[in-house]
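Here the structure is laid out as structure tokens; the discussion comes afterwards.
The values are calculated or read from the model by the stated rules, or taken from the named source; none is laboratory data. Only a predicted model underlies this, so the values are computations on that prediction, with no experimental measurement involved. All Cβ positions, glycine included, derive from the backbone under ideal geometry; neighbour counts span all protein chains shown.
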Amino acid sequence: MMNRFLLLAAVALTAVSAQAQKAELTFGVSGLCGMCENRIEAAFDQKGIVAADYNLETKELHVVYKAKKWNEESLHKLATAIGHDTEKHKATDEAYANIHGCCKYRDHQSCSGHDHDHDHDHDDHR
């Protein structure tokens, strides 16, 4: 009887500690269109990142991740590495230059309609 209690307690503690390792973060990321949204979400398809959802309307990225593998700084760097500024860090000019012309959020006139999804036209530019 006592062993069964200890086993249940150990299972419950394991479940609690596994849950505690996950963290969530929402932060601003610059983007203009559906192609930006797909590029940003694809960059967060990494081991230790449970989910990433970019909201094009609010320009915010919500990330669920394993805290042992990732932290706020490293998550911001994932976005800047693919050319997207975050609320805390700016992408290098080189990384920004590599994104498609219609995704140039720093000079808004490049994209005539930012609400459309360019994926079917420009898949080779990611």
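Tabulated data for the structure shown
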quantity	calculated
Qualifying residue in the stretch 8-21 (condition: at pLDDT 95 or above and either over 13 Å from the mean Cα position of the chain (by Cα) or in a helix (DSSP H, G or I) (or both))	no
Residue in the stretch 30-48 that is exposed (fewer than 12 other Cβ atoms within 10 Å of the Cβ), at pLDDT 95 or above, part of a loop (DSSP other than H, G, I, E, B) and charged (D, E, K, R) present	yes
The stretch 53-64, residues that are touching a residue at least 12 places away in the same chain (Cβ under 8 Å), out of contact with any Gly (no Cβ under 6 Å at 6 or more places or on another chain) and not β-branched (Val, Ile, Thr)	ASP53, TYR54, LEU56, LEU61, HIS62
Any hit, the stretch 59-75, residues being at pLDDT 95 or above, on the phi > 0 side of the Ramachandran plot and part of a loop (DSSP other than H, G, I, E, B)	yes
Failed criterion for LYS66 (all others in (1) surrounded by 15 or more Cβ atoms within 10 Å (Cβ to Cβ); (2) farther than 21 Å from ASP107 by Cβ hold)	(1)
Count - residues of the stretch 79-105 that are at pLDDT below 95 and surrounded by fewer than 12 Cβ atoms within 10 Å (Cβ to Cβ)	1
